[in-house]
Amino acid sequence: MQYRRFGRTELAMPVFSCGGMRYQHKWQDVSPKQIPADSQANLEATIRRSLDVGINHIETARGYGTSEMQLGQILPTLPREKLIVQTKISPVADAKAFRRTFDQSLSYLKLDHVDLLGLHGINTPELLDFCIRPGGCLDVVRALQRQGKVRFVGFSTHGPTDVIEQTIATNQFDYINLHWYYINQTNWSAIEAAARHDMGVFIISPSEKGGMLFKPPQRLVNLCAPLSPIVFNDLFCLSHPQVHTLSIGAANPQDFDEHLKTLAYLDYASDVLPPILERLEQAAIDRLGADWMQTWHIGLPTLAETPGGLNIPVMLWLRNLALAYDMVDYAKMRYNLLGQGGHWFPGANGDRVADLNLQPCLAQSPHADKIPQLLAETHALLGGQKIQRLSRQ
């Protein structure tokens, strides 16, 4: 395993983290007696495999159902000084309720402190305000730090880049969990801002949200060769020194294996990546055209500016992936979450696009005339049964 300084926390962070949202029994709390023995055994085997390969950062959240409760059966049996334990709690208007939720998390984990506490899902200005206003959630965290129950505080986000950068600019957080990977590099300016504040940078879900890379289309496999799509994406992310760790949301002990192959390439990324990046770029141009690939994102409206709340940038981005790389399954999964994801994945899909006048909001786009038709085609290609967020399934 390789380790990187996790920003101003000074923690030696493994370049891979053990994310805790896929090995738990349920997305809802249940009595410990209801957790099957085989589920608990799988979680414990996953944690032991993680530690065996040098991944000592164990990451979970109060919102991950039985994850904390099940981790509490194994974490107290392990050498505490060798672990970096992180949980996350969503900010709420009532700071006392936030404190009660933290106490519940710590009780489930059966620890006397967590190394990292993330404010989970600062996705909107209102949620940021819940954190930073006087008497808000951050004041609770500071009290917890004084009591020795929390070492460092960070935040996770699925929000727009401007909200992420506003949160970073408060200089109240030691680290950030955010989305950034090859197929979606929108948040790079936020990562640069985090680096200026000497924050740790943790990439969320590089294989699932980064393209369902554990079951890639053959076209993507061919374009990423000689690396697998998982190893390519891991190497792409870690080739940037501003990035410190990638989450492996392991469902079983074997889920680490493909990611670990990346370690052999870290010192040679500048040799290995360029030909793959060139192939990927050319493949998109071949199918969608150079002008489109260079300009499709220019002048697109925000959700607030768009009739019907259509998320036009996301819809066109998913269309690009489906057509350029045959990533249809991934694009369908994300597309049909639109309208169901709340502030975690906001905006509507194109089921009503034919009824909307989009020309005024597209006035700044060089592709204004054709985008309405492209959105209709995207809905025909990707539309289907609505999908709920995992935590609601």
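Which FRET efficiency, nearest 0.05, do E165 and Q104 yield, Cβ-Cβ r, R0 22 Å? Show your work: numbers first, answer last.
Details: r = 32 Å, r/R0 = 1.43.
Between E165 and Q104 the formula returns 0.10.
What is the diffusion coefficient of the chain in µm²/s, taking the Kirkwood radius over Cα pairs and the Stokes-Einstein relation at 20 °C with a viscosity of 1.002 mPa s? Numbers along the way, then the final one.
Working: Rh = 22.0 Å.
Rounded, D is 98 µm²/s.
Between the beta carbons of M1 and N357, assuming R0 = 45 Å, the FRET efficiency works out to 0.25 to the nearest 0.05. For the chain, lysine pairs with C-alpha atoms less than 24 angstrom apart, excluding pairs fewer than eight positions apart on the same chain, total 24.
For the stretch 1-71 and the stretch 303-353, what is the separation of their Cα centres, given in Å? What the calculation gives is 30 Å, centre to centre. Could you work out which residue, out of D234, D257, D174, moves most in a Gaussian network model of the chain, that is, has the largest mean-square fluctuation with Cα springs under 10 Å? Of D234, D257, D174, the Gaussian network model singles out D257 as fluctuating most.
One decimal place: the segment Q185-L51 gains 45.2 nm when fully extended, by the rule 0.36 nm per residue minus the C-alpha distance. Calculated mean residue ellipticity, 222 nm, the chain: -11500 deg cm²/dmol, from DSSP H runs (n ≥ 4) at -39500 (n - 2.57) each, averaged per residue and rounded to 500. Extending 7 Å from Cα along the Cβ direction at A290 and again at K26 yields two label points whose distance is 5.8 nm. Residues whose amide H lies under 5 Å from that of G118, counting only those 5 or more places away or on a different chain, are T87, K88, I89, G154; hydrogens are built 1.01 Å from N in the peptide plane. When each full DSSP H helix of the chain is screened for a Cα extent of at least 20 Å along its own axis and an average Kyte-Doolittle hydropathy of at least -0.5, the helices passing are 95-109, 269-288.
The numbers here are math on the coordinates, done by the rules we state, and not lab data. Everything numeric here is computed off the predicted structure, so don't read it as measured data. Backbone-built Cβ (ideal geometry, glycine too); neighbour counts: all protein chains shown.
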